[in-house]
Amino acid sequence: MEKSFLKVLRELQISLKGYIEIEDRFTKIDTIAGVDTSYQNNLAKTCVCVLDYKSLEMEEKVVLEDKVNFAYKRNFLCFSEGPFVLKTISKLKSSFDCLLVDGNGILHPQNMGLATFLGIILKKPTIGVAKNLLLGSFLNLGKERGDFSYIRYRGKILGMALRTKKDTKELYISVGWGISLEKAKKIVLDTCIYKIPQPLRLAHMYSKIG
């Protein structure tokens with residue numbers, strides 16, 4: 001039963017691929033948001049933070065808690081976490097020009113990571129920022145801030161390993177929707193006071209349960 005259900009979800013992911021756009025769909029960015037979700041047993045807590053792009057000062061924060069209805073399944077985060085993230089974002093009073101997501105974009109077996117799914121639904125530029133490499137490989141990554149190496153999977157470039165702070169572990173950046181990889185790289189570096197982009201860092205802090 002579960003295998004057939006996951007097969008339906010995989011087919012849905014594949015059907016959504018036609019809506020992916022990896023070109024810049026914006027002229028400027030004044031506000032940037034970050035979203036993250038934490039879990040404890042059957043409880044999920046999602047936080048979205050909206051920041052001024054230049055100052056990185058927080059303008060708005062929304063936090064929601066709810067029961068987990070669809071347990072985490074590898075490669076299906078867009079279905080387990082996506083609806084609750086969308087519900088949290090819908091509570092914002094302000095808007096944002098770009099969204100950073102704790103997860104992947106097209107760096108995914110069906111190119112349908114959480115960032116891509118959210119971008120398609122919201123019609124907002126989204127960037128996937130992951131701490132662990134889901135798939136693919138890269139070579140020759142330097143140790144200085146801004147050094148990067150493209151992540152390739154089955155002959156295609158699906159993202160980049162990016163050093164956001166000297167001598168720290170790299171992050172894995174991938175396009176979600178409505179943005180190019182080079183622009184995604186710039187935005188991530190622009191918003192990194194520490195290793196993690198500030199919108200995501202704050203969202204992670206406020207999403208902690210307990």
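Scan the range 168-175 and tell me whether some residue there is over 17 Å from Cys192 (Cβ atoms) and modelled with pLDDT of 95 or more. Yes, there is a match, as at least one residue in the range 168-175 is over 17 Å from Cys192 (Cβ atoms) and modelled with pLDDT of 95 or more. If you check Leu64, Leu56 for being surrounded by 15 or more Cβ atoms within 10 Å (Cβ to Cβ), within 22 Å of Ile179 (Cα to Cα) and among the aliphatic types (A, V, I, L, M), only one passes: Leu56.
Scanning the range 36-43 finds one or more residues that are charged (D, E, K, R), crowded, with 20+ Cβ neighbours inside 10 Å, out of contact with any Gly (no Cβ under 7 Å at 6 or more places or on another chain) and within 30 Å of Lys186 (Cα to Cα). Being more than 29 Å from Asp52 (Cα to Cα), of a type in the set (A, V, I, L, M) and more than 16 Å from the chain's Cα centre (by Cα) is a property that holds for Leu141.
Just one residue in the set Thr46, Thr31, Thr27 is over 20 Å from the mean Cα position of the chain (by Cα) and not aliphatic (A, V, I, L, M); that residue is Thr27.
Among the residues of the range 119-134, is any among the basic types (Lys, Arg) and within 15 Å of Glu170 (Cβ to Cβ)? Yes. For the condition modelled with pLDDT of 95 or more and under 19 Å from Glu23 (Cβ atoms), Lys156 qualifies. Taking the criterion of being in contact (Cβ under 8 Å) with a residue 40 or more places away in the chain, buried (at least 21 other Cβ atoms within 10 Å of the Cβ) and either over 13 Å from the mean Cα position of the chain (by Cα) or farther than 10 Å from Val129 by Cα (or both), the residues of the range 169-180 that qualify are Trp177, Gly178, Ile179. Residue by residue through the range 91-120, note down the ones that are surrounded by fewer than 24 Cβ atoms within 10 Å (Cβ to Cβ), on the phi < 0 side of the Ramachandran plot and in contact with a strand residue (DSSP E or B) (Cβ under 9 Å, 6 or more places away or on another chain). Result: Lys91, Leu92, Lys93, Ser94, Ser95, Asp97, Pro109, Ile120.
Scanning the range 11-24 for residues that are over 17 Å from the mean Cα position of the chain (by Cα) and of a type in the set (S, T, N, Q) gives a single hit, Ser15.
Only residues that are modelled with pLDDT under 85 and loosely packed, with under 15 Cβ neighbours inside 10 Å were counted in the range 71-90, giving 4.
The values are calculated or read from the model by the stated rules, or taken from the named source; none is laboratory data. The shown structure was predicted, so the numbers you read here are calculated from the model rather than taken from an experiment. No Cβ is skipped: glycine too gets one built from the backbone with ideal geometry, and neighbour counts run over all protein chains shown.
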